[in-house]
Structures are given as structure tokens and as C-alpha cells.
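Let me begin by presenting the structure, written as C-alpha cells, before commenting on it.
The values are calculated or read from the model by the stated rules, or taken from the named source; none is laboratory data. It should be emphasised that the depicted structure is a prediction, and the values quoted were computed from it without experimental measurement. Neighbour counts are summed over all protein chains in view; Cβ atoms, including those assigned to glycine, are modelled from backbone coordinates with ideal geometry. These accessible areas exclude ligands, DNA and RNA; they are computed on the full protein's heavy atoms, side chains included. Shrake-Rupley method; radii C 1.70, N 1.55, O 1.52, S 1.80 Å.
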4 protein chains.
Amino acid sequence: MKSCHRWLSRFINQSTRLVPSSCGKHKNFSTERKLNVAVIGGGRIGQVHMETLSFHTPLAKPVMIVDFIEKVAKSTAEKFGVEKYSTDFKDVLKDPNIEAVWICSPSSQHSEQIKALASAGKHIFCEKPLAITLKEAEEVISAVEKAKVKMMLAFQRRFDPNFARAKQCIQSGAVGDVYAVHLISRDPAPPPMDYIKNSGGLHNDMAIHDFDIARFMTGSECEEITAYGACRVDPKIASEGNDIDTAITLLKFKNGAFCTVDNCRQSPSGYDQRVEVFGSKGLVRFGNNFPNNVFIEDAQSVRRSDLPFNFFMDRYTEAYRNETKQFVQCVLENKEPPTSGRDGTAAMAMAIAAKKSLLEKRAVKLSEITP
Amino acid sequence: MKSCHRWLSRFINQSTRLVPSSCGKHKNFSTERKLNVAVIGGGRIGQVHMETLSFHTPLAKPVMIVDFIEKVAKSTAEKFGVEKYSTDFKDVLKDPNIEAVWICSPSSQHSEQIKALASAGKHIFCEKPLAITLKEAEEVISAVEKAKVKMMLAFQRRFDPNFARAKQCIQSGAVGDVYAVHLISRDPAPPPMDYIKNSGGLHNDMAIHDFDIARFMTGSECEEITAYGACRVDPKIASEGNDIDTAITLLKFKNGAFCTVDNCRQSPSGYDQRVEVFGSKGLVRFGNNFPNNVFIEDAQSVRRSDLPFNFFMDRYTEAYRNETKQFVQCVLENKEPPTSGRDGTAAMAMAIAAKKSLLEKRAVKLSEITP
Amino acid sequence: MKSCHRWLSRFINQSTRLVPSSCGKHKNFSTERKLNVAVIGGGRIGQVHMETLSFHTPLAKPVMIVDFIEKVAKSTAEKFGVEKYSTDFKDVLKDPNIEAVWICSPSSQHSEQIKALASAGKHIFCEKPLAITLKEAEEVISAVEKAKVKMMLAFQRRFDPNFARAKQCIQSGAVGDVYAVHLISRDPAPPPMDYIKNSGGLHNDMAIHDFDIARFMTGSECEEITAYGACRVDPKIASEGNDIDTAITLLKFKNGAFCTVDNCRQSPSGYDQRVEVFGSKGLVRFGNNFPNNVFIEDAQSVRRSDLPFNFFMDRYTEAYRNETKQFVQCVLENKEPPTSGRDGTAAMAMAIAAKKSLLEKRAVKLSEITP
Amino acid sequence: MKSCHRWLSRFINQSTRLVPSSCGKHKNFSTERKLNVAVIGGGRIGQVHMETLSFHTPLAKPVMIVDFIEKVAKSTAEKFGVEKYSTDFKDVLKDPNIEAVWICSPSSQHSEQIKALASAGKHIFCEKPLAITLKEAEEVISAVEKAKVKMMLAFQRRFDPNFARAKQCIQSGAVGDVYAVHLISRDPAPPPMDYIKNSGGLHNDMAIHDFDIARFMTGSECEEITAYGACRVDPKIASEGNDIDTAITLLKFKNGAFCTVDNCRQSPSGYDQRVEVFGSKGLVRFGNNFPNNVFIEDAQSVRRSDLPFNFFMDRYTEAYRNETKQFVQCVLENKEPPTSGRDGTAAMAMAIAAKKSLLEKRAVKLSEITP
């Protein structure tokens, strides 16, 4: 019986004093080669990756941290016990010891940094987007391909246990042919107006993650997009930010699957991330994650003791760790990274098409979107 | 609005480049004093604590690992980059640099090691039990009190997000006066016969954790126990192990609360850990944890994509980390540990009373159980 | 305390020997006037209404059953103990005793029958649709208004406990302004090809119910529709039935709400009827109904013991009863029926717009659809 | 495919104009023999059975209603259109037309009425208990057996869709050998003190239903009972009512199964009725029933829109109907009723044993309890 076997193995492990399987990832690491890495950008997401690389990835060793504010670079280096820090990413290029680099700098600097790092032979883990324009992004991909370094684009949701397991179920045939995907992706509250103004719009800033997941779940490329949207949450988002805050986007994929994406800049109950994939044999679905499984039942209501995770960094903690660990492993074992630059340009093109559909009030074919 | 506030804080954090709150635990750690620790015992649970101390507790620094098998001590030291290893726990006593010690050795060695470590002025984190007999356990507690070192007993479930949140709800008054607690605690499959023979019996080996949780949830001391049990899963557990494998234990607490504990050495769907606390104002409850939230609906059934966690080390991963982190913090900040030696003897006495009730087929008062 | 009050009332009821509240609907009914009703059409849905009128609506008395097949009319009359039966609906017109009529005849006969019944002063409960064309439907409504009889159109879902409660929640302000409605409405398996050929297409046959629910939940009128669809389940539905079997329809309402409707002619796990309504203050949602609440957990899975109701007549049993009871009450108490002919034409226009959108591959405004 | 088949059958039914299966119970009923029945007792439960017999059981025809208060008897007869009413149950005995009788009179009258009805050759559906004492109950059973009439004891929970389905699952082998049954059965709020004083105590009044369900789920007879209890909800229940309001009862069955029963006279969230049956192959469980499946998610909480049913007559509506329908069917088809007088005495003996255990503070064997 499977469950017996799983359970008994712990005793076998114990009696033979083998390292238990959950620690298997560390086996012999001190004698194995560690991957020397640098992180560019000491902001929020840079801190997340530094923490994973320092404390949760025994096979990686952070050797340099870069931030254009010296105080940030220095304090981060101290915090994580990293030997070197710098305010200039070019110091990474010059250091022959550095093998792989995590790009967590402002979006506008991504393309220049990727090209330079690729030329210097560094492997690259890059936060989205690759570049500001689709044309630049294509150049970046060419540069990386030419340099024969590995590059992974950080679509962290694919590495979340729910998203990853749903995908496995689809691949195992549980759903059959995919007929429809429904994605809900709502932020708890609108970001500051400055953020919105520089976000490139809701499709580029929020929906792009869902567009990637739509490709991931359907296993197909998008053919056509119809976008509806409105400013419902805060009129300033339209008047000052020139943006929408509520959107429904309808995608048609080459394999016949349809997908709806519901985005909103506000969700009173917290960060709302749900998926349903329906097909010829059945459906898989998952709802939100909560801090615990406790329920309260009293004279008022039967309820969860807590709201869903409110913050994407709490919701996707495990996903952020998994993506970084997987890239370290890909580099050390010389494997293809699970997400590529092409995944980045595909989602970027979908965001452009969605915005175009919204503005032109018509269905837009992806074939209309060219670099 | 609360949720807005929580959400907006991320942007404030970002713009001011402060370290985000989720990383707050690492603040300035490289300049702060780290706690130098040793781990005695390189078996399964010793590995778990080594991993937490090495990778998840920036304020701790493992400096020695002890195991009576040299190969285990050496390989563990290498794996976690620990400078020193030994086959003799007395080397810990002699090392003035070591401030706190995690005891993960066989149960029979606990009392001797605690007494020696306390005399040497080391703080002690001890896996249950403190000792084999209640009398020894009392001696151990006296020794620790006399030496004025801190000691924490590892009842990890109290540090699990579900158990901890349920307790908070009770403390906040959501349940009112506690009338009844129902605990289900079933292992996926029986351990090997050798393990059973040396386990001290189901009450001592399994139910003791639930007895601690019953004290935790009721906030009271047990007054009387009636134990029923049988050998249902595997007749060898009775014939060779002289033990039961299925037990229902009924506890009466001094504050009037009743508690039922359902233990079984076998649970076909996996490790089964559930709690309900019912009282004058309502109830709190929680069920099992699963690896993900994915559901499948097809022509066969509407079901979870996966069974509950099968292995207690998967189920309580977070709990194991939390308990070790909290003890490090207690030592560094000179606070009382959240669980004490007295918690250990209380649960031990309950296990003794339960066994006595089973054998003598009558209700046993805790006042009958003396060291 | 509310719950105390509710509970105690049963003892008060008992001690004073008052009829308990759950039976309140029958109070004095034998001495009150009963509504004399006829049912036209002894098919499946006619049987459902006959059963409700005979056994669950003490204030109604079926006095005639009409079916064009004499054997059906006669056996139904016998089954429900109805005095008269006929093969000609004009016998209903002539019977002065009949006050209200349930039209369950083929769709093509509805408009003629409604007009005749209205002229004869009979109140009318009509299965959808009012008529085959929008123009006819408008004529029907005019005829009814002129005759000053009551007419209720049978959108039974509105009377289901889930749909009705969700609507109440929205009306009570729990959702705030409605931003998005998501409806899933999938049949377990395609009907016979003959049925499809005469159904008027998926939008007219299936989606029309969802279009009504979209109006019900948003409390607004539809402005624009974009329809996507495909034949995925069975190629014969396209080749022989000239229809689609899978559809995603996107609706925009005058109050700014968006709505997505997912329809499919096949759902392996059973009849799939789910609703989510999201707004400025939160969301309400409900999933499928099951025959019971039993779950099984074994070595295979954690699952429901049963699939959702497979058959719409099982799923909507209570809804069918409620709608008929409410119409009886409206007639007896001279109140406006909760659904009207206008609800019928609105949904009909939406189905026409959706079909037009699908064929012309563009967004269609409801203003384009005229009788 | 099963689901296809189920679904398609509706179209087949439609096209051939056969009566749909859900109406199958009425087939030819007007030509078949109807069972002439009487109801003794026009209180709350008498009204429930009258409603079922009048409106939901086409094969039954209530011909007499008896209540010792003439006004009640008369108004009930009018309400349900019953020809005869009486204040003396002996009128039932004299009426040769009456074939079966529903006894809903005060408990103290049951034994006399059953014996008289049995002698008169009437079939008997009796609300619990059969009699006040076990001895009387045995006499009643003998009388019924001698008279060769059918008697069914009203343990309505067995006929609830959840309880019945759980039992089926157990019988089908899903649970394997039953190791443990856990029953929770809590009333929303204490009844009036007068009711408590005459209730025979919590075990006799509340727990007896659970004792029956324990027998039902284990499929075995109880061997030994240990009862704990206290007065926690309202001190007057002890001081004036000489009763407990909170009880935990531990049952041991002959087949080795253990059972815990949690009873409380108060449950702030409503009527609380839950079951878990655990065994060698897995477990089945079910929770409470709710008026609908609607959930609300807002800034306060993720919660059910409504509390569980508060009133046992709402919770068990379907169960009450099913039991009456099944007895009618048993009589008409000359089958053994699904519950018997023996079920009544078994549960009664368990209640007596539980009370004895509570008073004598020891485990009580069922063999100690004799009529």
C-alpha cells in the first residue's frame, strides 16, 4: 500500500541513519560546487531573492549585491553576510567569480543589463519584463541566445504549489481537451497613483501574469483577445492615471480553448487568486490560500478565522523560493530553465493586444502585434 | 480600512527602501550577537533542527554536532558547514562557546544529558520526553531550576499555525467557556514492531502529544482519565508488542471541560490531525493540511487532487521551525520559553494515568499518579 | 439572543398548540377560497407543475388538464385526481370556473394560447418563451396588459434558494456596486440531435436562463454582448445541428457591471450551476447542490460520496415548487408576479444579440435588436 | 457513460411521454388501493405527519385525526381535509376502515395505545418511546408480535439523506471494519424548565437518538457505556431540573467499535448534527445542513451567508417525510419496517445505562440493564 510505504520509509531512514529525504537536497553540498551568484537591485523583490539564495538554497552562494543607493547595497550585504557590494552593476560583469545574476532592478534597466550580462557569459534570472518594448525584448532574447547563457523569466505563479499541481493534473489527462479557463486575479487595494502612472496600464501590470497563466494552463498560444474594462474603484485612476481598474478579458487560443480573465485593483476580502480549467473529461480548480485552516462557528456566522493572504509576497512565498531554487538547479545541471524569454514576449504581446482591444473596442488578433 | 493599509504598506516600504516586514527578523543580524548552539543527535529530528538552525534562524550559529556514530556526526557537520563534531556529548559541556543545546538523542539519555548541560550552564531545548520516569523528570526539572538555565520542551504542535491560531481564538473569547475538546490524531500506518516494543505504549508514544494539546486548548489541568483501547489494526501489535493500536481516551479537566482523544496507528487517507473546541459562545475547529488546494471534478467524483500530508515532518514543517526559532529568541531576549518542563511532566502523568485506566478498566484520577 | 428565540418558539408553539410556523402556509386553507387552475401540456414540465399544484400548494385546486394526446391527458387527470381533461386548450377558455392557467405546451403554441387565455380573463403562468419571435412576444405582452390579467414567466432559477439568497445579499448591500458577475451553466451531456435542431441554438436554449440571471443579479439592463463559441463536444452538433456546444459570452450592463457566461452542452461531473457576484464591498458566490453532505476519505482520495445533481429537475425541484406557489399567492392576493413578460423579452433579445455577435464576430449592442 | 445515460433518459421520457421517474411514485395511484390512516395527537409532530400523509404520500389517505383537545382535533381535520376527528383514540379502534395509525400522543400513553391498536389489527407507526419503562416496552413488543401487525418506531434520523447515505457507504465497504464513531448532537438552546423536568433526563431525551445512530452506524449492539456529564449551560438545569446539560458518552460495541457522543443543550451557531465513522479502510463523515450554499467574502470575513438550520424540524424535514412514506410502502407491500420495536428498546436500555454510569461514576455493562 502506497501510504504504508511512504510512512515506513521514515523508520527505515531512521534506523539506517540515512539523511531523510526532505533534506536530500543538501546532500554533500559542502563538498559540491556552489553556484556563485549576484543580485542586482536591493528593493523588495531583491530582498526576497537574497533571502532565498542565502537561507534556502544551499547550492547557491551570493557573492555580490548591487543597488544604486549605496546605503541599501551595504546594509543588504551586511544583512545576508555577502562579501561584496556595489552601486554599479558593471562590477558584476568584471567579477569572473560570478556565474549567475538575479536582475531585480527597475524595468527600464532590464534590457541593457541582460545584454551586458549575457556578453559577459553570466546566466540570468530576470524579473519581468525583459524590456519595455517588444522590439527590445526580441533583441534581448537574440543576445542571450547568441551568448549561449541560460535565462529564466520570473513568472513565479507557475512555481506555486496550486498552479503547478493544476498544470500537472491537466498534463495527466484529468481535464481532457481544455474548453475553458477562468482566471480571477484581484489586488486587495489600488497602489499609489504614482505607481499606476508608471505601470504601463492594468493589462501590462496585472493581467500579464494571468496571460502567462492562460498560456501555461491551455498549453497553447493566444490567437485573439477581446478586452472590456472600466474605472469603477476610484475615478482618479481614470482621470489622473489614465487607466482602468476593473477588466474582463476574453482570450481565444489556437487549440480552441477560451479563457476569461477577471482583474480588479480592489478586493475587499484580500488578494484574490483563483483558477478553473474545464475540459472534455472534467475540471480542476483551486481557490485562495489562507494563513491557516481554522474555522469559527458562533451565533454570528460560520466563518474562516482569517481572510485570505492579503499580500502577494505572503501568498507566493513558496513560489518565489521555488523559482529561484529551480534556476540554480538548471544552471548547475545544465538544463533548460522552465520559463524562457519567449514566455516573456508572448505575455507582453498579449498585454499589448488587450490594451489595443480596449482602446479600439474590437477583437484584436495576436498576429496584429509585431515588435 | 485595514486591508488597504496592509496592502499600501508594501508600496511605502518599496519607495523608502526599508527592508520589508517579512524580512524584519534578519535586521542587523550580522552585527548582532548570534547564539552559538550545539545539537546532540544526528538522527531524523536532529537533522530537522540542524536545518532550521542553519538556514532559517539567522540569529543562531550551530558550532557543534554530536552523534555517537562518528560517520553521522562528521557527515552532518559537513552538510551544514559546522566546524566541530564529536561522538561524545561531554565535548559540548567543555566548550565554553556553546550557549544552548538541542537534545535529539535517544530518550533514555535525556535526563543525564539535561542534568549535565544544566550544570554546565547551557540552555536546553529538549525533545520529549524529559526522562523515562516521572521521578527522573522531576529531578531534571529541579536541576534546571537550580542551574537557572532556560529549558524548553519540544511540543511542536503548539507552534503549528492551526493549533496556535485556534488557541488565540479561544483566548480572545470566541469560544467562551470551554465545554468540550475533540482531538483526532491518527498515524498513517503502524511503525515497525521494534519501534512499538520500545515506545512505552500508544499512550506514551502517540497520545501524549494530544494530552499536551488538551491542556493547551482547555487552559486547565487534567483531573481524571478514562481510557478505552483495542488492537484492531494488526494482531501482532498485541501479541508481539503487548500494545493497543486504537484508543479512545476521555479526559476531565479541572475547569469542567471534557476532552475526547481518538488515536489510531492506521489512517488510510494519511496523517489525520484534527481539533474541535466547543464552548459557551461557539466553536473553533480545523481539519487536515493538504499539499495544495486543487480539486478535481470529473465523471468519477468531486475530490481533492491529493491526500492530506502523510508524514508528520511534512505536516509540521512550519511548527518545527517555529519552535526552534522561538527558543533562540527566548534565550537571546531572556524570556520564559513558551513550553516548560512542567508541561512535559503533566503530559507524562496523563499518559501514565491513561495506561493505568486501560489496564485497570476504571477512571483514574491524576492525583493517583505520583513520581 | 436570536437563536434562543427561534428555538424557544417551538416550545411555545407546542404548549399553546398553535400550528407550527412551517405549516403556516396551510392555515385555514380549507375554509379559504382555493384558486381553480388548469394545466396545458402533460409533458415533463407539465407533470412537475401538476405535482406542485396537487400536493404542495394547498391554496390551488387543479380542475382541468389539457394535452393534445388524449391518453396523456386522461392518465394525468387520473394520476392527480383532476376532474376534467381535454385535448383542446379551448375547453379551458370556456370553463368559467378556471381562474389561472399553467402553459406547458410546445413553445410554438405559447403566443396563441396566451392571447386567447388573456382575452378570456385567465391569469397565466407561462413556461419560457412567450413566443418564437420578439415581435410576437411584444404582441403577447400587449394583449396581457390590455386584458389586465396577471402573467408570470417561468424563470425558475430566480426561485431557487441559492439564487434567491444571493440576490437578497446583493440587495442588502453585502456586495456594494456590482463590478462583475460570473455564471457557469453546463449541461451534463448533449441532448438528442432532434432537440438541438429545434432548440433555436445554444443561446436561445441554454444561455437565455443565464441572461435572465445576469439581469437579476446586476439589477440592470444589458447594453452590449460579445459572444464566442465553438463546437468542441460533438462535431455533429455543428455539422448536423448547425450549432455550437461551448460558449463564452461577455455582457456589459448599463450600470457598468460586466458578466461572463460559460455554457457547455457537456459536463462530466454533472449539471454545473455556479454563480459569483463581485462588487465594491465584497462578493457572494455559490456552487453546486449535492444529494447529501457525505464525504469519504480513504487511501484513494478525499471526496464527496456523490456527484452534484445530474438532472435539472432534481437540481431545481424546490425552485419549480416555489415559482408555482408564488404565482398562486400573487393571484390570490392581487399582487404583481415576481417575473414578468418583460423579463422574457429582455432575455430573448439578449439571446438574439448573442447569436448575432457570434455570427458577425463583433460586439452587438442591444439597441440593435428590435422586434 | 453513466452520466450521459442519466441525462438522456429525460429526453426519452419526454418523447415517449412516459411519466418521468421522479413522479414514478404516483403511477396509477388513483386506481390503486390507498392506505387509510389515522393520526393520534395533533401537536407539533402530529402536524408534520399529517402534512406528509396528506400532501406527500399519494398512496395514503388520512381518514381520522385524534386529539384530546377537541378544538385541535377539529381544526386539524379541517386544515387537512380529513373527514373524521375525535378526542378519543378508541374511535380509531372501532373504525374498520382504518388500516394504520400514527401515534403522536404524549409518551405516557404510547404503551396503552399500541397494545389496543395491535389488538384491533391496526399497523402502527409510533413516535419514540414505545413506553416509559423497559418492561412495558417489552410487553408492547410482545403484543405487537402476537397480533402480527407491523410496527415501526420513528427514529427519523436514519431516513435523512446524510445518515442514510453514510450507512450505505459503510455497507458498501468504504470504511472497512468500523473502529470509531463520533457523534455530535447539540440543541441550539435549552428547552423550557418544564420540558426538562419531564424529559427523563438528557440521556433519555437527547442522547437516545444518538444511541440509535451509534447502533445504526456500527451495525452492532452496545456492550458497555461510560458517561460523563455536567451542568455548564444553565445552573437551573441542575438545581431545578436535576439534570445535566453537557454530556460526553463513550460506548463500546460488541464488534469492537468505540463511539463517542457529544451532547449539549446549547449550540450558539444552531442545531449541530455531525457524524464521523472511521474504520480499517477509511472514513465517512458529514456536517450540518444549511438553508443554502451561498458564501460571502468581504473585508470582515469569508463566511456562510446563513447559519445551519436552527430547528430540528427544518433540519430533518426530508427525514420525517421519508420515514412516513416508507412505512406506508411497507404496509402496502407487506414488508418488514426498517426500524422495529427492538430498536426502540435497545436505545432505551442504552439511555438507562448511560444515566446509571453517570450516577454511579463507573462503566456500566448493557447486560446489567434488564426490564
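Taking other residues whose beta carbon is less than 10 angstrom from the beta carbon of D:ALA230, and scoring Lys, Arg as +1 and Asp, Glu as -1, yields +1.
Quick one: Debye curve from the C-alpha atoms of the protein assembly as shown, no solvent, what's log10 I(q)/I(0) at q = 0.03, 0.08 Å⁻¹? Rounded to two decimals, the profile gives -0.17, -1.14. Here the translational diffusion coefficient of segment D:15-149 follows from Stokes-Einstein with Rh set to the Kirkwood radius across Cα pairs; for 4 °C and 1.567 mPa s it amounts to 83 µm²/s. Between D:ASN334 and C:HIS56, the simple label model (points 7 Å from Cα in the Cβ direction) yields a spacing of 3.5 nm. Note on A:ASN97/D:GLN168: beta-carbon distance plugged into 1/(1 + (r/R0)^6) with R0 of 60 Å gives a FRET efficiency of 0.30. Size descriptors for segment C:81-181 (Cα atoms only): Rg and Dmax, in that order, 17.2, 52 Å. Panel note: the C-alpha atoms of segment B:249-371, placed on their principal axes, show extents of 59, 47, 33 Å (largest first). If both residues of a DSSP beta bridge must be in the protein assembly as shown, then about 55% of such bridges are antiparallel. Taking 25 °C and 0.890 mPa s as conditions, segment B:319-371 diffuses translationally at an estimated 185 µm²/s according to Stokes-Einstein applied to its Kirkwood radius (Cα pairs).
Volume per residue of the convex hull around the Cα atoms, evaluated for segment A:78-126, comes out as 86 Å³.
In chain B, the sites counted are GluC sites (Glu not before Pro) in DSSP loop states with at most 16 other Cβ atoms within 10 Å, and the longest stretch holding none of them, exclusive of the sites, is B:84-220.
One quarter of the surface of the convex hull around the alpha-carbon atoms of segment B:135-268 equals 10.1 nm², the direction-averaged projected area.
Between copies, the label points of C:PHE55, set 7 Å from Cα on the Cα→Cβ line, lie 1.2, 6.4, 6.5 nm apart, reported in increasing order to one decimal in nanometres. The helix-based estimate of mean residue ellipticity at 222 nm for chain D, built from -39,500 (n - 2.57) per DSSP H run of four or more residues and divided by its residue count, is -11000 deg cm²/dmol to the nearest 500. Seen from all directions on average, segment C:183-329 presents a Cα convex hull projection of 11.9 nm². Sorted from greatest to least, the principal axis extents spanned by the alpha carbons of segment B:236-293 come out as 47, 39, 11 Å.
In a shell of Cβ-Cβ distance under 10 Å around D:ARG265, excluding D:ARG265 itself, what net charge do Lys and Arg (+1) and Asp and Glu (-1) give? The answer is -3.
Among the trypsin sites (Lys or Arg not before Pro) within segment A:128-171, those in coil by DSSP and having at most 16 neighbouring Cβ atoms inside 10 Å are A:LYS148.
The largest-to-smallest principal axis extents of the Cα set in segment A:166-219 are 45, 19, 17 Å. Stokes-Einstein diffusion for segment D:132-182 at 25 °C, viscosity 0.890 mPa s, with a Kirkwood radius from C-alpha pairs, works out to 176 µm²/s. Rg and Dmax, both from the Cα atoms of chain D and both in Å, are 22.0, 69. Take each residue in A:177-187, count the other chain C-beta atoms within 10 Å of its C-beta, and the mean is 4. Once the C-beta distance of D:LYS135 and B:ILE69 is scaled by a Förster radius of 60 Å, the resulting FRET efficiency is 0.25 to the nearest 0.05.
Within chain B, the selection of entire DSSP H helices by a Cα span of 18 Å or greater along the long axis and an average Kyte-Doolittle value of at least 1.6 returns an empty list. The portion of the accessible surface of segment B:243-371 made up by carbon and sulfur, rounded to a whole percent, is 48 (1.4 Å probe; DNA, RNA and ligands excluded). The antiparallel fraction among DSSP beta bridges confined to segment D:15-149 stands at about 0%. Each other copy places its own label point for A:MET193 at 6.3, 6.7, 7.8 nm from this one, sorted shortest first, where the point lies 7 Å along the Cα-to-beta carbon line. A 1.4 Å probe over all protein chains sorts D:ILE69, A:ILE40 by accessible area into D:ILE69, A:ILE40, starting with the largest. Local charge for A:PRO337 was computed over the other residues whose Cβ lies under 10 Å away, with Lys and Arg +1 and Asp and Glu -1, and equals -1.
Of all DSSP beta bridges confined to chain B, the antiparallel ones make up roughly 55%.
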